[in-house]
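The values are calculated or read from the model by the stated rules, or taken from the named source; none is laboratory data. These numbers were taken from a predicted model, which means no experiment stands behind them. Cβ: placed from backbone, ideal geometry, glycine included. Neighbour counts: every protein chain shown.
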Amino acid sequence: MRLYDSMSQEKREFVPRDKDRVTMYFCGPTVYNYVHVGNARPFVVSMVAKRYFESLGYRVTLVENITDIDDRIIQRGITEARPASAVAAEFAQAYRDDTDRLGLGRPDIEPLATEHVGDIVALIESLVKRGHAYQTGSDVYFKVASYPSYGRLSKQQVGEMRHGARINVDENKADPLDFALWKGAKAGEPAWDSPWGPGRPGWHIECSAMSLKYLGAGFDIHGGGRDLIFPHHENEIAQAEGALDQPFVRFWMHNGMLNLTEVKMSKSLGNILTLRDVLDRYRPEALIAAFLGSHYRSPLEFSAELLAETEQQVDRLRNVFRELADAAASAGTASGAAASGASGDAPDVALLERVATRRQAFADALSDDLNTAAALAEVFGLAREANAALAAGELTTQAATQVRAGMMEMVHTLGLDGVAGGEETIPAEVTQMAEERQRCRAAGEYSRADALRSALTERGYEVRDVPGGFKVLKVR
Ligand SMILES: [Zn+2]
């Protein structure tokens, strides 16, 4: 696999540090509110990357932190007259609930900053000891001048950065570029004990401490949104490499931002910006497909139109899966032997060849810097071909089973399992309406039959005639 590395700014052959294990760390959210839909993009990218590496046979350890101590959390606690820890606990749980709805599973480890203060203090102590950090008052700062390669991820010169930088009045640092590792407690703020007195960790240090703790130096992939390159990831590198004298990370993987332009938003999505609001309106697979339809490094024009379009795409996919399942089951076990005997059937052979070709193209796309857009196009293309074969009644039981299995593997890797599994139950009243329509048609009451069909369409269902009678499909 070739993977783009934001540090070297090129695609390089990906070979993991450990023989059969891939180690990944992605920066997670700060939990002071419901997460924005933009926070879901790095989550989806990391989970799909994990699935892809698993499909190649690697074990994957994916660590994704939750920042549960921060100025904004403290501020919300003050505003709402409750402890900062209560604010963080509420929104950390909301984040887990919301991302659970995506159906992608969870990262292997989701460390909380407040549960790793000991590790953080130990890392700061070693930076102080090595001359990379200094105490001033009850704060501790990283000394950027002590780390000559500062700026190499964000491609900035220290001299130029210093030129525009200023020191805030409440900061006692020696150099405007220095950043806080430890913040002495102000009255009423949550605090932990440390060699520098009671206080709390700065934001950047938690990610260095927790990634090194769980993955060790030189782990494979560190990811997050592009907006984290500077200063967050630049600072993470300085902290980790300053303490260890070893390379911190092998590949830096940054996803592009969601572009939610005002005009588009006010027209279409209104104020829907949180992940939970989007998932209240659209299927999770529609959101995942919207993300995967663009390369992860590209900015993504995000709109209601895009979600409506991907929702239709995943619904078509869902229907093809359902029909393939029906076709695979229709002949039952009795004709299974006959079907396998008739495997020389030409349309079947042609479609199975398409499956093999498309699966190869799918694998090639993902191995090229996780090109999910091209991979997804192969899935949709195969679904169209399968649909045509189904419509022509050309598929044997065995072929339907094989096509379905091939497509299943592809959608699993992309985290779109939802379209393949979970038989959606059709509500009883919908089935009754469909039965009534059939009865009307049989009795020649065509206008009533048409009215029932419209009513079903309105509710998102479609009645399709099949050899054995009819079938109800959910189409949106
Ligand atoms: Zn981070």
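Structure summary
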{"read-out": "Residues satisfying the stated conditions in the range 75-111, i.e. surrounded by 20 or more Cβ atoms within 10 Å (Cβ to Cβ) and either without any contact (Cβ under 8 Å) to a residue 24 or more places away in the chain or on the phi > 0 side of the Ramachandran plot (or both)", "value": "Gly77"}
{"read-out": "Yes/no for Ala329 being modelled with pLDDT under 95, of a type in the set (Gly, Ala, Ser) and assigned to a helix (DSSP H, G or I)", "value": "yes"}
{"read-out": "Filter result (of a type outside the set (Ser, Thr, Tyr), in a loop (DSSP other than H, G, I, E, B) and within 18 Å of His132 (Cα to Cα)) within the range 148-169", "value": "Pro148, Gly151, Arg152"}
{"read-out": "Pick from the range 177-215, criterion in contact with a helix residue (DSSP H, G or I) (Cβ under 6 Å, 6 or more places away or on another chain), among the charged types (D, E, K, R) and within 20 Å of Pro111 (Cβ to Cβ), ranking: farthest from the ligand (Cβ to nearest atom)", "value": "Lys213"}
{"read-out": "Qualifying residue in the range 112-122 (condition: under 30 Å from Asp5 (Cα atoms), modelled with pLDDT under 95, surrounded by fewer than 20 Cβ atoms within 10 Å (Cβ to Cβ) and in contact with an Asp or Glu (Cβ under 7 Å, 6 or more places away or on another chain))", "value": "no"}
{"read-out": "Neighbours by Cβ (under 9 Å, 6+ apart or cross-chain): first from the range 192-215, within 20 Å of Pro29 (Cβ to Cβ); second among the aromatic types (Phe, Trp, Tyr) and away from the ligand (no atom under 16 Å from the Cβ)", "value": "Arg200/Trp182; Arg200/Trp192; Pro201/Trp182; Pro201/Trp192; Gly202/Tyr141; Gly202/Trp182; Ile205/Trp182"}
{"read-out": "Count of residues meeting criterion [in a strand (DSSP E or B) and either surrounded by 23 or more Cβ atoms within 10 Å (Cβ to Cβ) or modelled with pLDDT of 95 or more (or both)] in the range 14-45", "value": "7"}
{"read-out": "Residue check for Val63: at pLDDT 95 or above, crowded, with 23+ Cβ neighbours inside 10 Å and within 16 Å of the ligand (Cβ to nearest atom)", "value": "yes"}
{"read-out": "Single residue of the range 224-252 satisfying the filter (away from the ligand (no atom under 13 Å from the Cβ) and not in a helix (DSSP H, G or I)) that is farthest from the chain's Cα centre (by Cα)", "value": "Asp245"}
{"read-out": "Evaluation of Asn172 against (1) in contact with a Ser or Thr (Cβ under 6 Å, 6 or more places away or on another chain); (2) touching a residue at least 40 places away in the same chain (Cβ under 8 Å); (3) outside any strand (DSSP E or B) (one fails), failing number", "value": "(2)"}
{"read-out": "Residues that are touching an Asp or Glu at 6+ places or on another chain (Cβ under 9 Å), at negative phi and surrounded by 22 or more Cβ atoms within 10 Å (Cβ to Cβ), drawn from the range 414-436", "value": "Leu416, Val419"}
{"read-out": "Residue list for the range 123-137, restricted to those being buried (at least 17 other Cβ atoms within 10 Å of the Cβ) and of a type in the set (Gly, Ala, Ser)", "value": "Ala133"}
{"read-out": "Residue tally, condition of a type in the set (A, V, I, L, M), surrounded by 13 or more Cβ atoms within 10 Å (Cβ to Cβ) and not in a helix (DSSP H, G or I), over the range 386-413", "value": "1"}
{"read-out": "Test: residue in the range 94-109 that is part of a helix (DSSP H, G or I) and within 16 Å of the ligand (Cβ to nearest atom)", "value": "yes"}
{"read-out": "Counted residues, the range 278-304 - those being modelled with pLDDT of 95 or more, charged (D, E, K, R) and more than 23 Å from Trp252 (Cα to Cα)", "value": "1"}
{"read-out": "Any hit, the range 80-88, residues being in a helix (DSSP H, G or I) and of a type in the set (Ser, Thr, Tyr)", "value": "yes"}
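Residue-wise test of (1) within 16 Å of the ligand (Cβ to nearest atom); (2) within 13 Å of the chain's Cα centre (by Cα); (3) not in a loop (DSSP other than H, G, I, E, B).
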site	(1), (2), (3)
Ser8	no, no, no
Arg12	no, no, yes
Met47	no, yes, yes
Phe53	no, no, yes
